[in-house]
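The values are calculated or read from the model by the stated rules, or taken from the named source; none is laboratory data. Predicted model only: the values in this text are computed from it and were never measured. Note that each Cβ is placed from the backbone with ideal geometry, even for glycine, and that neighbours are counted across all protein chains shown.
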Amino acid sequence: MSARNVSRIVVAGAGAWGGWIALCLRRAGHRVTLVDPWGPGNARASSGDETRIVRANYGAATHYVGMGVRALELWREFERAEGIELVRRCGVLWMEGSRDEAHRASLPLMRAAGVRFEELSRADLARRYPQIDTQDIEYAILESDSGYAFARRACRAVVEAFAREGGEYVHGAVQPLSAAGSSLVRVQLNNGATVEADAFVFACGPWLPEVLPDVLGGVIRPTRQELFYFGEPAGDRAFSDDTMPAWIDHRESMWYGIPGNEHRGFKIGDDERGPDTDPTTQERVPTAAMISKTRAYAAHRFPTLAHVPITEARVCQYENTPDNDFIIDRHPALDNVWIAGGGSGHGFKHAPTIGEHVAQLVAGQARVRNEFALARFERTVRQ
Ligand SMILES: Cc1cc2nc3c(=O)[nH]c(=O)nc-3n(C[C@H](O)[C@H](O)[C@H](O)COP(=O)(O)OP(=O)(O)OC[C@H]3O[C@@H](n4cnc5c(N)ncnc54)[C@H](O)[C@@H]3O)c2cc1C
């Protein structure tokens, strides 16, 4: 790349998305400053838990399959280059209450992309995983080469690689922006410093409505989500990742989980959106209501876990868009500002693909994808 093409770029937010965006921009030759008030994979961030499911199967939402496949490749490349394990490929089991054709829509795309999977009947499932109560499950898909990412560890590894390769990391908060003019010259940090750049990417996850209130206020809605780690019975490996895959239980409601790893317990999460929340100030202490709801679910689906203790819990937040699709687009008024967010409870796995895509968008080498364009909300939300 010639010196003329090298831009100064500020990326706000060092979660999974901002970290990968900064790394990909740096690898494209730009001078990149990455800013975050609490650090990569911090305890408040949506990317800050121990683990996140990584998969290509998206059921009826087929527009994510290609991204998921590419993300798996990019995670693997990064792991090889760094010599570390960030994705444990224990498989992902997608369980369905009924064999609905719409939920099989991803399968032809996965097959074409060479993703290995098996379709399982209830009898297959019961035979293979006796620790699951399969009475109300009719059908399942086991994606063999997927699994889960070590989430906060991955965020840190990506930002370390970024810094080692010449990127600058600044510990601070970008102040909220209000659009004036047609492009942005600088951002102000909470310590009074300013950072000038030719282009800016805002990847502040659930903080995006606070940082870009004119554009994203009322569009991205952070909701409180609670997760519980159940203690495995003594000496029992039935709930560990050498025996069980990560799983999604997709019926009228959706639950998901990650098998025991590093001796930290079997994780269970409820995908139902919790109450609206503030990611900066919310207390990260679980509620009695969610403890009892999750215990009831665990006892139903995994009877052995009915009487084991909860050994850990996390309180996090989804950053929901109205249709649960991402927002990856140019700011509507500022032509050198880009927005990447709205992971809506499923964004972690895609972070490498999003990094690659945003780096191409900033360089004018890709077009905004319609399904991620801000304009889709103009009529529905801002009327
Ligand atoms: C309970 C739960 C379970 C999930 N399960 C899965 C799963 O299994 N698989 C999956 O793929 N996805 C999952 N997700 C979704 C996924 O974790 C998120 O979509 C993804 O991590 C979002 O990453 P992000 O970088 O956009 O946001 P974040 O990780 O929240 O990062 C945003 C960053 O911005 C920083 N920031 C805040 N304010 C400012 C400011 N003023 N200036 C600069 N920086 C700022 C924050 O400190 C933070 O580091 C889950 C999410 C939750 C909450």
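Based on what the data block shows, is residue 86 within 11 Å of the ligand (Cβ to nearest atom) and in contact (Cβ under 8 Å) with a residue 24 or more places away in the chain? Even if it seems obvious, please write down each step before you answer.
Details: within 11 Å of the ligand (Cβ to nearest atom): no; in contact (Cβ under 8 Å) with a residue 24 or more places away in the chain: yes.
Considered against the rule, which asks whether it is within 11 Å of the ligand (Cβ to nearest atom) and in contact (Cβ under 8 Å) with a residue 24 or more places away in the chain, residue 86 comes out as no.
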Give me the pairs, please: first residue somewhere in region 342-367 and more than 18 Å from residue 15 (Cβ to Cβ), second residue anywhere and surrounded by fewer than 20 Cβ atoms within 10 Å (Cβ to Cβ) and of a type in the set (Val, Ile, Thr), beta-carbon distance under 8 Å, and either six or more positions apart or on two chains.
361/368
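Can you report the number of residues in region 27-63 which are of a type outside the set (Lys, Arg) and near the ligand (Cβ under 10 Å from one of its atoms)? Even if it seems obvious, please write down each step before you answer.
Here is the first cut: in region 27-63, the ones of a type outside the set (Lys, Arg) are 28-30, 32-43, 45-51, 53-54, 56-63.
Going one step further and asking which of them are near the ligand (Cβ under 10 Å from one of its atoms), we end up with 34-43, 45-49, 51, 53-54.
Total satisfying the criteria: 18.
Restricting attention to region 298-338, report how many residues are farther than 30 Å from residue 131 by Cα, within 11 Å of the ligand (Cβ to nearest atom) and in contact with a helix residue (DSSP H, G or I) (Cβ under 7 Å, 6 or more places away or on another chain). Lay out the reasoning, then the answer.
Quick first cut of region 298-338, residues farther than 30 Å from residue 131 by Cα only: 319-338.
Cutting the leftovers down to within 11 Å of the ligand (Cβ to nearest atom) gives us 319-321, 324, 326-328.
Checking which are in contact with a helix residue (DSSP H, G or I) (Cβ under 7 Å, 6 or more places away or on another chain) leaves us with 319, 326-328.
Selection size over region 298-338: 4.
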In region 132-145, residues that are polar (S, T, N, Q) and within 21 Å of residue 100 (Cβ to Cβ) total 2
Check residue 185 against each of (1) among the aliphatic types (A, V, I, L, M); (2) touching a residue at least 24 places away in the same chain (Cβ under 8 Å); (3) away from the ligand (no atom under 13 Å from the Cβ) and name the one condition it does not meet.
(2)
Keeping to region 218-277, report how many residues are loosely packed, with under 15 Cβ neighbours inside 10 Å and charged (D, E, K, R).
8
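Please pick out the residue among 142, 93 that is touching a Leu at 6+ places or on another chain (Cβ under 6 Å), hydrophobic (A, V, I, L, M, F, W, C), within 16 Å of the ligand (Cβ to nearest atom) and over 23 Å from residue 203 (Cα atoms).
On the way: 142 fails: within 16 Å of the ligand (Cβ to nearest atom).
After ruling out the rest, the residue left standing is 93.
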Listed by first then second residue, the pairs whose first member lies in region 279-295 and is farther than 11 Å from residue 228 by Cβ, whose partner is crowded, with 17+ Cβ neighbours inside 10 Å and aromatic (Phe, Trp, Tyr), with beta carbons under 8 Å and at least 6 positions apart or on separate chains, are 279/207; 280/207
What's the number of the only condition in (1) more than 16 Å from the ligand (Cβ to nearest atom); (2) under 30 Å from residue 331 (Cα atoms) that residue 109 fails to meet?
(2)
Is it the case that region 19-26 has a residue that's basic (Lys, Arg), more than 9 Å from the ligand (Cβ to nearest atom), under 14 Å from residue 169 (Cα atoms) and touching a Gly at 6+ places or on another chain (Cβ under 7 Å)?
yes
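Of all helices (runs of 4 or more DSSP H) completely enclosed by region 74-188, which ones contain at least 3 residues that are surrounded by fewer than 21 Cβ atoms within 10 Å (Cβ to Cβ) and among the basic types (Lys, Arg)? Can you show your working first?
Numbers: elements: 107-112, 122-128, 151-164.
In region 74-188, the matching helices (runs of 4 or more DSSP H) lie at 122-128, 151-164.
Within region 256-268, take every residue that is part of a strand (DSSP E or B) and among the small types (Gly, Ala, Ser) and give me the one that is farthest from residue 302 (Cα to Cα).
Step one: filter region 256-268 for residues part of a strand (DSSP E or B), giving 256-258, 260, 266-268.
Filter once more, keeping what is among the small types (Gly, Ala, Ser): 257, 260.
On the way: 257: 12, 260: 14 Å.
Checked region 256-268; the qualifying residue farthest from residue 302 (Cα to Cα) is 260.
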I'm trying to understand the selection: among the residues of region 189-210, which are surrounded by 21 or more Cβ atoms within 10 Å (Cβ to Cβ), near the ligand (Cβ under 9 Å from one of its atoms) and hydrophobic (A, V, I, L, M, F, W, C)?
202, 203, 204, 207, 208
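Can you confirm whether residue 54 is buried (at least 24 other Cβ atoms within 10 Å of the Cβ) and not charged (D, E, K, R)?
On the way: buried (at least 24 other Cβ atoms within 10 Å of the Cβ): yes; not charged (D, E, K, R): yes.
Here the answer is yes, as residue 54 does meet what is asked.
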Select, from 228, 200, the only residue that is farther than 23 Å from residue 351 by Cβ and in a strand (DSSP E or B).
228
Considering 273, 284, 264, which residue is out of contact with any Pro (no Cβ under 9 Å at 6 or more places or on another chain), within 13 Å of the ligand (Cβ to nearest atom) and more than 30 Å from residue 102 (Cα to Cα)?
284
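Please go through region 339-354 and give me each residue that is more than 10 Å from the ligand (Cβ to nearest atom) and not in a strand (DSSP E or B), ordered by number. If you could, list the steps in order and put the result at the bottom.
In the first step, residues of region 339-354 are kept if they are more than 10 Å from the ligand (Cβ to nearest atom); the result is 339, 352-353.
Scanning region 339-354 gives 352, 353.
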Candidate set: region 238-255, residues that are in a loop (DSSP other than H, G, I, E, B) and modelled with pLDDT of 95 or more; chosen: the one nearest to residue 323 (Cα to Cα)
245
